[in-house]
Amino acid sequence: MSILSTEDKNIILESIRDIPDFPKKGIVFKDITTLLNTPKAFNLLMNHLEARYQSYNLDYIAGIDARGFIFGSILADRLNLGFVPVRKKGKLPYTTVAEKYLLEYGFDEVEVHIDAFEGKEGARVLLIDDLIATGGTAKAAASLINKVNAHCVECCFIAELTFLNGKEGIESDVYSVLEF
């Protein structure tokens, strides 16, 4: 398993921009668009993830809508695996399976195609997204993967807001590259 050096971790960390009071007052938004357009930091990150997951014997990478698509599809390509999008309700064109999760005021849902992991009973899946905050979307996505007869081996996040305890209740292992 790959371990990210403190120096490399700092390069990635320094490439992420803080946006105060976004999307509302009191929140400091972690903007990964600056990571994406910093080749040295982005390449360090993707090399680290590739090295980490080479030996996991994965069958698929699943990415959460929408920033998980970026990291997930690149990692899937590097590992020669299929990529499965986990989308917000109503965005996938074929028959889907959905999982609801709690929001501050109400519910939302994520979906995958019913045949997303077809042909591979018990497929080993890595779930990836840019950030875990309260964990609602991640818990729903991991549960959804298991619901369609695959196995969510690990959930990977580029950044974790540890003070929100979002990984509590996720039944899979959780790995976060950076912790805030």
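The values are calculated or read from the model by the stated rules, or taken from the named source; none is laboratory data. Bear in mind that the values here come from a model prediction, so they are computed numbers and not experimental data. As a convention, Cβ positions derive from the backbone with ideal geometry for all residues, glycine included, and neighbour counts pool all protein chains shown.
Considering region 63-121, and only residues there that are over 14 Å from the mean Cα position of the chain (by Cα) and β-branched (Val, Ile, Thr), the residue that is surrounded by the most Cβ atoms within 10 Å (Cβ to Cβ) turns out to be VAL112.
Please go through region 9-35 and give me each residue that is crowded, with 17+ Cβ neighbours inside 10 Å and under 22 Å from ALA76 (Cβ atoms), ordered by number. If the condition is that a residue be crowded, with 17+ Cβ neighbours inside 10 Å and under 22 Å from ALA76 (Cβ atoms), then ILE12, ILE32, LEU35 are the ones that fit. Within region 1-53, the set of residues being part of a helix (DSSP H, G or I), without any contact (Cβ under 8 Å) to a residue 40 or more places away in the chain and more than 18 Å from ASP130 (Cβ to Cβ) comprises THR6, GLU7, ASN10, LYS40.
Please find, within region 151-180, the residue that is modelled with the highest pLDDT out of those that are within 17 Å of LEU102 (Cα to Cα) and small (Gly, Ala, Ser). Restricting to residues being within 17 Å of LEU102 (Cα to Cα) and small (Gly, Ala, Ser), the top hit is GLY166.
Are any residues in region 36-50 more than 21 Å from LEU79 (Cα to Cα) and either loosely packed, with under 11 Cβ neighbours inside 10 Å or under 19 Å from the mean Cα position of the chain (by Cα) (or both), and if so, which ones? Matches in region 36-50: ASN37 only. Here are the criteria: (1) surrounded by fewer than 22 Cβ atoms within 10 Å (Cβ to Cβ); (2) under 12 Å from the mean Cα position of the chain (by Cα). Tell me which single one ILE128 does not satisfy. Of the numbered conditions (1) surrounded by fewer than 22 Cβ atoms within 10 Å (Cβ to Cβ); (2) under 12 Å from the mean Cα position of the chain (by Cα), the odd one out for ILE128 is (1). Selection of region 140-180 for residues being outside any loop (DSSP other than H, G, I, E, B) and charged (D, E, K, R) yields LYS147, GLU154, GLU160, ASP173, GLU179. Which of the residues spanning region 72-123 are in a loop (DSSP other than H, G, I, E, B), free of Cβ contacts under 8 Å to residues at least 12 places away in the same chain and closer than 28 Å to TYR53 by Cα? Passing the criteria: ASN80, GLU118, GLY119.
May I ask you to list the residues in region 124-139 that are part of a helix (DSSP H, G or I) and either within 20 Å of PHE29 (Cβ to Cβ) or modelled with pLDDT under 95 (or both)? Within region 124-139, GLY136, THR137, ALA138 meet the criteria.
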